[in-house]
Amino acid sequence: MLRIRPATPTTPHSNLVKCLFFALLLAAPLQVLAQTTSDVAEERARAMKLYDQNKFADAIPVMEKLVRELPSDTVLLERLGWSTFVVSASIKDPEARKKARARALELLKRAKDLGDDSELLRTGLDALSQPDDTSGPASPVAEADAALREGEAAHSRGDLDAAIKGYRRALELDPKLYIAALFIGDMYFKKGYQARDLKTKQEMTVVAGEWFKRAIAIDENIETAHRYWGDALMAVGEQEEAKAKFIDAIIAEPFNRKPYTGLLQWANRFRVSMSHPQIQQPKSSISSSSGEQQTTIMIDPKKMAEGTPEYYWSFYDLTRATYKTARFQKEHPGEKEYRHSLSEEASALRMVAEVASRHQKEGKLKALDPSLENLLKLYNADLIEAYVLFARPDGGIARDYLEYSRTNRDKLRKYWNDFVIAKQNKF
């Protein structure tokens, strides 16, 4: 205890002693506060390092303590939620795994409520909103499934080499196990990401790409390996190669939000804007009613002056009005009920373009409005179907995607490269 001899209140010495006394009293809690803040900062840095090293299992208890001290730290909440989610995949007990997933979801939602909107957060929330696909076996081969889970457990500890060993063993036991090849590639990508020198990063990227290629060979219609490959290439500055992989990810699963994230991140990094060609149709000048055997069409002649946009777009309306009774059953003999199809939409757009193109060549059409101009460019490039599938699909059109993509992947790629990505986009 500090002892101060009393002095007369009126002396200057007395005032000095009082100031010293209160300063000492105040200094003690401030020193403790500074020490506490420093300790928390050090622990947070340690937790972030563990996370960056993929040592998720080790990071979780450190982060759990920190979120009690820093309840509004969105980065901490996001990374704790993601770490908990990753580790949950290696938990064998169903109830324990369920609790871990619930905890991960709770943390990610808290981060979102506090304003976090990162891609990692959205990916985690999307994954946790789906049924737990780790609850059942990943492979019908029991030994392969066990090896895969061993790899997952090693990954959650940050032991990437042991994880690779487990995944490779799983793939040897089940050569069709897509996620085993995918995860091996991901581990090599992470090894490259952690490397300090560019040469090692590039070497690991090449190895990762070989494994992503193997996963794609197993199933090219799953977007993940394409996207992961793009991430690996972008990390070492391979701009055009990364773009190609991100486009392939979209082509693999165009009606899934995830594959678009890769190309959007690529565009943001390299400051490239993207947009689909803008095609605005005027209000229809045609109405129709269809019976079982015929279609009755009513046309407003006031809106049909040749050379106007309404005139050319009337051929879109005419094509669609007659398609249901005249063509749908012939083109889709295995379907009992009518639906809006890729063939119908593309045929209607192509009819507009054909008439406009013919009139342009004959000199009847002197100037094109922007929408017709964009449509003609798609028509001349034979990319109307690609435009329809990516820019204006509905539930019926989406059903035709897989069949079209089997033989037209080059056209789908060309659409993204020549019409969507800004440096080549004239629209």
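The values are calculated or read from the model by the stated rules, or taken from the named source; none is laboratory data. What you see is a predicted model, and the numbers here were worked out from it, not measured in a lab. We place every Cβ from the backbone using ideal geometry, glycine too, and count neighbours over all the protein chains shown.
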Name every residue in region 200-251 that is among the β-branched types (Val, Ile, Thr) and outside any helix (DSSP H, G or I), in order of residue number.
-> Ile222, Val236
What are the residues in region 125-175 that are buried (at least 19 other Cβ atoms within 10 Å of the Cβ), small (Gly, Ala, Ser) and more than 21 Å from Ala102 (Cβ to Cβ), if any?
-> Ala138, Ser139, Ala144, Ala147, Gly151, Ala154, Gly158, Ala163, Gly166, Ala170
What tally of residues in region 42-51 results from selecting those that are surrounded by 11 or more Cβ atoms within 10 Å (Cβ to Cβ) and of a type in the set (Gly, Ala, Ser)?
-> 1
Any residue in region 126-135 that is at pLDDT 95 or above and of a type in the set (Val, Ile, Thr)?
-> no
List pairs: first in region 67-86 and farther than 17 Å from Asp117 by Cα, second of a type in the set (Val, Ile, Thr), Cβ under 8 Å, 6+ apart or cross-chain?
-> Glu69/Val40; Leu70/Val40; Ser83/Ile60; Thr84/Ile60
Residues satisfying the stated conditions in region 162-179, i.e. outside any loop (DSSP other than H, G, I, E, B) and over 21 Å from the mean Cα position of the chain (by Cα) = Ala162, Ala163, Ile164, Lys165, Gly166, Tyr167, Arg168, Arg169, Ala170, Leu171, Glu172, Leu173
Having 3 or more residues that are surrounded by 15 or more Cβ atoms within 10 Å (Cβ to Cβ) is the bar; report the helices (runs of 4 or more DSSP H) wholly within region 322-401 that clear it.
-> 342-362, 370-380, 384-391
Answer with yes or no whether Tyr379 is closer than 24 Å to Glu331 by Cα and touching a Phe, Trp or Tyr at 6+ places or on another chain (Cβ under 7 Å).
-> no
Could you list, in sequence order, the residues of region 242-262 that are farther than 18 Å from Ala127 by Cα and without any contact (Cβ under 8 Å) to a residue 40 or more places away in the chain?
-> Ala242, Lys245, Phe246, Ala252
Which residue out of Ala162, Ala138 is modelled with pLDDT of 95 or more and closer than 16 Å to Val86 by Cβ?
-> Ala162
Which ones in region 74-107 are surrounded by 19 or more Cβ atoms within 10 Å (Cβ to Cβ) and either outside any helix (DSSP H, G or I) or at positive phi (or both)?
-> Ala89, Ser90, Ile91
